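In what follows, a structure is listed as structure tokens, so that the remarks can point back to it.
The values are calculated or read from the model by the stated rules, or taken from the named source; none is laboratory data. Fair warning: this is a prediction, and the values are worked out from it, not measured in the lab. Cβ coordinates were reconstructed from backbone atoms using ideal geometry, including for glycine residues, and neighbour counts include every protein chain displayed.
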Amino acid sequence: MTLTSKERDAVASICLMAAFSDGNKDASERDRLKQIFESLESEFSPALYGDVLMGKQTIESATGALESPMARLLAYEMAVGVCDADGRTGPEEQAFLGRLQQALDLDSGLARDIAMDGDELASMPLSQEVPHDMGYSSKTSHEPINMQQEASPLRDDPSVDPLILKFAILNGGLELLPQSLASMAIVPLQMKMVYQIGAKYGYQLDQGHIKDFLAVVGVGMTSQVLENYARKLVGSFVKKAVGKKKKGKKFAKAAGAATGMAMSFATTYALGHVARVYYSRGRKLTPDALKRLYTERIEQGKNLVGTYRSDIEASARTTDVNSLLSMIRNPVG
């Protein structure tokens, strides 16, 4: 399926409306959302962000531009992913999704299933292990690269490097898959990674603490999900719109897929290593130091994408997106 430019703008507008539907976006998150669409103005309408922010674009006008049932289904699935980026949908987001479902004329049962999948991913148990056959394994072709010389941990744990690499490879691979459900899983998996790193250094973290940590570092959960979706829309990547219906055996063909893969790998890698330094040093780093370290690690992560590209592609080939939901619904132990 190939989206028209008009349909791409409509889906992107719906995703932006979803991002603002809870009314809780702070100034930094709004600025990041604006930057995303400013950087993609050659692909989307230059007025898209402003039209949504000023109320010139509505649910009804956006859905009216979606001609095919598959495009309508995609719009709803992406909107669910954006609403769930920072946790289960709240009352305002649920009301928005209800209006959207009606405007799209989607089957209520299908819409309910998609929303349920999104909520389950958003509330993924932090302590639940990721299956060993997902992401990094003994078959990974390169050893982890330790790049913490200027900020050496006080209490190092040799198991943390491969843990970070496992999540970075897994998230990079998810970005190559065509299902929207795959992109929904990236932020919850990053939170799970931070939880597991904290636990290795003696900290029992909850979702609230991890969200605060991400905010201090400068990782916008909603903006990250929306940027991933926007880049996929650039390539009109959609082959199968509903992630849970098909296994993710084929890569997205979009030009934006490679960029999305690199960014998901790099942001996960960077976040993991910032958490490693922060918790190993007894949470002594200042907010400014955390942000500087995250920026440095982002660049290092980008430089490592080529080294681990074959492992990321192998992860995408072997990852069944449905197993993420199965892991949530049937936790081990």
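A few comments on the model shown:
- Of residues in region 69-102 being small (G, A, S), at pLDDT below 90 and surrounded by fewer than 23 Cβ atoms within 10 Å (Cβ to Cβ), the one farthest from the chain's Cα centre (by Cα): G90
Residue-wise test of (1) in a helix (DSSP H, G or I); (2) at positive phi; (3) touching a residue at least 40 places away in the same chain (Cβ under 8 Å).
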residue: A12; (1), (2), (3): yes, no, yes
residue: C15; (1), (2), (3): yes, no, yes
residue: R30; (1), (2), (3): yes, no, no
residue: E41; (1), (2), (3): no, no, no
residue: S61; (1), (2), (3): yes, no, no
residue: E92; (1), (2), (3): yes, no, yes
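- Helices (runs of 4 or more DSSP H) completely within region 157-243 that count 3 or more residues being at pLDDT 85 or above and either acidic (D, E) or touching a Pro at 6+ places or on another chain (Cβ under 9 Å) (or both): 160-174, 207-217
- Condition met for E41 (surrounded by fewer than 18 Cβ atoms within 10 Å (Cβ to Cβ) and closer than 17 Å to L233 by Cβ): yes
- Every residue from region 33-68 that is among the aliphatic types (A, V, I, L, M), more than 23 Å from G118 (Cβ to Cβ) and under 19 Å from the mean Cα position of the chain (by Cα): L40
- Some residue of region 29-38 being farther than 21 Å from P178 by Cβ, surrounded by fewer than 23 Cβ atoms within 10 Å (Cβ to Cβ) and touching a Lys or Arg at 6+ places or on another chain (Cβ under 6 Å): no
- A single entry from A111, A71, A103, A79 fulfils the requirement of being free of Cβ contacts under 8 Å to residues at least 40 places away in the same chain and not in a loop (DSSP other than H, G, I, E, B): A111.
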